[in-house]
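Report on one structure; see the data block that follows.
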Amino acid sequence: ADVAVALLEPLADTQNTFQAFRQAGAYCLDKATQLSAGAAGDAPAETRRLYSRALNLLDRAVVIARHAAERQPGASVEPEADAQRLRAAAILGLDNPSLALNAAKRSRSLAPLHPLGYRLSASALLAMHRDEEAVMTLLTGGIVTGDRGLGQEAIALYADGVDAEGCAVVGSG
């Protein structure tokens, strides 16, 4: 991926390929996620470097995807939505939840039927201590996408303490 990006880097965005930058960014994001799961020693610095590298690559992928969509009327906006979802994850790894929320919202506006955009939005909102909004985002996503897992995640958040009074989720026989 690094070799492909190095070869394509000098090309103008209008002449470039989204997939190479998207894939390289995804690889960096995966590596950063793996390192952060077992962070020790120099891992936090390396993890941050990888999240930053992923974000730079994905920023370029977004620009390339936008140019491609502008050149071809009716073209799919899914490539940009995909890159925005990955950007949101990288930005969350860099501990910037408000910027991550912007990327997640952009992905949701481009591809409202994709559940991951709602999950990333909720993660960003939780990181900003906006728990109730996170639950509402998950519930909305569950309705819009039909993904039952989003509703279950919202219920789990309520059960884990978002609902201080304990009345939002009540079990019955």
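The values are calculated or read from the model by the stated rules, or taken from the named source; none is laboratory data. Small disclaimer: the values here were computed from a predicted structure and weren't measured. Using ideal geometry, Cβ is built from the backbone for each residue, glycine included, and neighbour counts are taken over all protein chains shown. The area values use the complete protein model at the heavy-atom level, side chains included, leaving out ligands, DNA and RNA. Shrake-Rupley method; radii C 1.70, N 1.55, O 1.52, S 1.80 Å.
Quick notes on this structure:
- Inverse of mean 1/r across different Cα pairs in the chain, Kirkwood, Å: 17.2 Å
- Unit Cα scatterers, Debye sum, the range 58-141: log10 I(q)/I(0) for q = 0.14, 0.17, 0.25, 0.26 Å⁻¹: -0.44, -0.62, -1.10, -1.16
- Estimated FRET transfer efficiency when R0 is 25 angstrom, pair ALA4-LEU94 (beta carbons, to 0.05): 0.55
- Residue-span extension gain [SER52 to SER76] - 0.36 nm each, minus C-alpha spacing: 5.9 nm
- Kyte-Doolittle mean at least -0.5 and Cα axial length at least 30 Å: DSSP H helices in the chain: 43-71
- Solvent-accessible area of ILE143 with every protein chain in place, 1.4 Å probe, in Å² to the nearest 10: 140 Å²
- Take the convex hull of the alpha carbons in the range 93-173; its mean projected area over all directions comes to 5.6 nm².
- Surface share of carbon and sulfur [accessible, 1.4 angstrom probe, percent] for the range 28-91: 52 percent
- Computed lengthening from LEU11 to MET128, 0.36 nm per intervening residue step minus Cα-Cα distance: 38.3 nm
- Computed Kirkwood radius, in angstrom, where 1/r is averaged over Cα pairs of the range 70-116: 10.9 Å
- Coordinate range along principal axes, alpha carbons of the range 1-60, Å, largest first: 41, 18, 15
- Highest-MSF residue in the chain out of PRO97, PRO44, PRO73 [GNM, Cα springs under 10 Å]: PRO73
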